[in-house]
């Protein structure tokens, strides 16, 4: 099938979804719970909007870090996730994640196919005080940002159409099972007692580990092989994106209490405190290495703190959140330093920050949890968390690697060398942030640039076909 025929197929498929929903049988009616609590509904509507804001925030955060010729493409990769995953989730994604469980592994695709049975009544198991429809919308925002996080690893070299295909497959075959394992009452990680308050395994570890596999499959950028210094296009964009992420993260974590209650307040407090602690720890560690306190470092540290506290937010007290934020930042900072000295080309350090940060958060959740944590005399929870990390990491790495190879058979994952050197803004989208796209350096005085030390050159990966 030619590219043009494939695009026509996708357009016809999209237009067919509405009529398909109209002719599908109603299906079984899910059980109804007690009447919805107005206060919980109001808070969860707010939290859902806050979590959605995180994805545009991520687009600024990533967009400011890449080279000027790739800003638009990088930001669009986050934005388009809101469009694609919103449709995928309605069609079958929510059903796979939260439908009737098949042995704790995956939900039935028929339970909520095309949003059937997802109404304004509460659900006794999934959403006891808010409508099931609102619960589904809240969970949608988590599904949106996860593939968007991965894009930082293959920024500046991925083909847009191939990324779209990978995003759909990742959501259906990796994200949805992880969400089912962790948050569905019958999911096997949930039955083990693994504590994942807001995400951890499902979002950040999944995105970080998948990012590692993506960096390996796509190989190194030509600029990386040539040991060219990486110059962020716009540090103020990074600061703006961090502020939006920090703000939206209150919905991410406090919203995961699924109600306006004391747990939500605790999660709000620990989220803010951990992020502040992490930003300070990152800056202090950089200072000890002789570096100047940079805005870029403060922003990365703050985001790592948010990542680390997320699985623990509602389970620990504020004192523990200071430790979790600082330890997460120090560990990720060291991981970034090690990666910089290696030949791995994870463009925006997704694995060292989200993967390692999420891993630290999961382990420290088992240490500091008020019920079952190591400091309260319990080691059983820590053992299950370690086992969960092994299972999830192996599943995500192998699954993502296989999906990337599969996508590359259908659509080349990587752009050609000429397209990469021209920049993805022009070569993939026909747009540029510069009036004259041949003069990238005209924005240098306003960019707040910061050079990153060069890397040791090695031959680029041969695992991906580059094409125009």
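Worth a mention:
- Pairs, first at positive phi and surrounded by fewer than 22 Cβ atoms within 10 Å (Cβ to Cβ) in the stretch 53-67, second in a loop (DSSP other than H, G, I, E, B) and at pLDDT 95 or above, C-beta under 9 Å, six or more apart: none
- Of residues in the stretch 99-113 being in contact with a helix residue (DSSP H, G or I) (Cβ under 7 Å, 6 or more places away or on another chain) and free of Cβ contacts under 8 Å to residues at least 24 places away in the same chain, the one surrounded by the fewest Cβ atoms within 10 Å (Cβ to Cβ): 108
- Spans of helices (runs of 4 or more DSSP H) in the stretch 168-230 with at least 1 residues surrounded by 19 or more Cβ atoms within 10 Å (Cβ to Cβ) and in contact with a strand residue (DSSP E or B) (Cβ under 9 Å, 6 or more places away or on another chain): 176-183, 206-218, 222-225
- Selection count where residues are in a loop (DSSP other than H, G, I, E, B) and touching a helix residue (DSSP H, G or I) at 6+ places or on another chain (Cβ under 9 Å), scope the stretch 314-342: 4
- For the residues 260, 302, the requirement of being farther than 20 Å from residue 150 by Cα, modelled with pLDDT of 95 or more and in contact with a helix residue (DSSP H, G or I) (Cβ under 7 Å, 6 or more places away or on another chain) singles out 260.
- Meets criteria (in contact with a helix residue (DSSP H, G or I) (Cβ under 8 Å, 6 or more places away or on another chain), buried (at least 23 other Cβ atoms within 10 Å of the Cβ), closer than 13 Å to residue 327 by Cβ and touching a residue at least 40 places away in the same chain (Cβ under 8 Å)) for residue 348: no
- Residue in the stretch 278-289 that is surrounded by fewer than 23 Cβ atoms within 10 Å (Cβ to Cβ), within 28 Å of residue 68 (Cβ to Cβ) and touching a residue at least 40 places away in the same chain (Cβ under 8 Å) present: yes
- Test: residue 11 is modelled with pLDDT under 95, farther than 21 Å from residue 175 by Cβ and under 29 Å from the mean Cα position of the chain (by Cα): yes
- Flag for residue 96 being closer than 23 Å to residue 62 by Cβ and either touching a helix residue (DSSP H, G or I) at 6+ places or on another chain (Cβ under 8 Å) or not in a loop (DSSP other than H, G, I, E, B) (or both): no
- Unique residue being surrounded by fewer than 24 Cβ atoms within 10 Å (Cβ to Cβ) and modelled with pLDDT of 95 or more when the list is 359, 387, 364: 387
- If you go through the stretch 392-434 and pick out every residue that is touching a residue at least 12 places away in the same chain (Cβ under 8 Å), closer than 16 Å to residue 164 by Cβ and either under 22 Å from the mean Cα position of the chain (by Cα) or not in a loop (DSSP other than H, G, I, E, B) (or both), you end up with 13.
- The number of residues in the stretch 144-155 that are out of contact with any strand residue (DSSP E or B) (no Cβ under 9 Å at 6 or more places or on another chain) and closer than 18 Å to residue 223 by Cβ comes to 3.
- Scanning the stretch 99-111 for residues being within 16 Å of residue 143 (Cα to Cα) and assigned to a loop (DSSP other than H, G, I, E, B) gives a total of 1.
- Across the stretch 114-143, the qualifying residues are those that are part of a loop (DSSP other than H, G, I, E, B) and in contact with a strand residue (DSSP E or B) (Cβ under 8 Å, 6 or more places away or on another chain), and the one among them that is surrounded by the most Cβ atoms within 10 Å (Cβ to Cβ) is 121.
The values are calculated or read from the model by the stated rules, or taken from the named source; none is laboratory data. These figures come from a predicted structure and were not determined experimentally. Please note: Cβ atoms are built from the backbone with ideal geometry, for glycine as well, and neighbour counts cover all protein chains shown.
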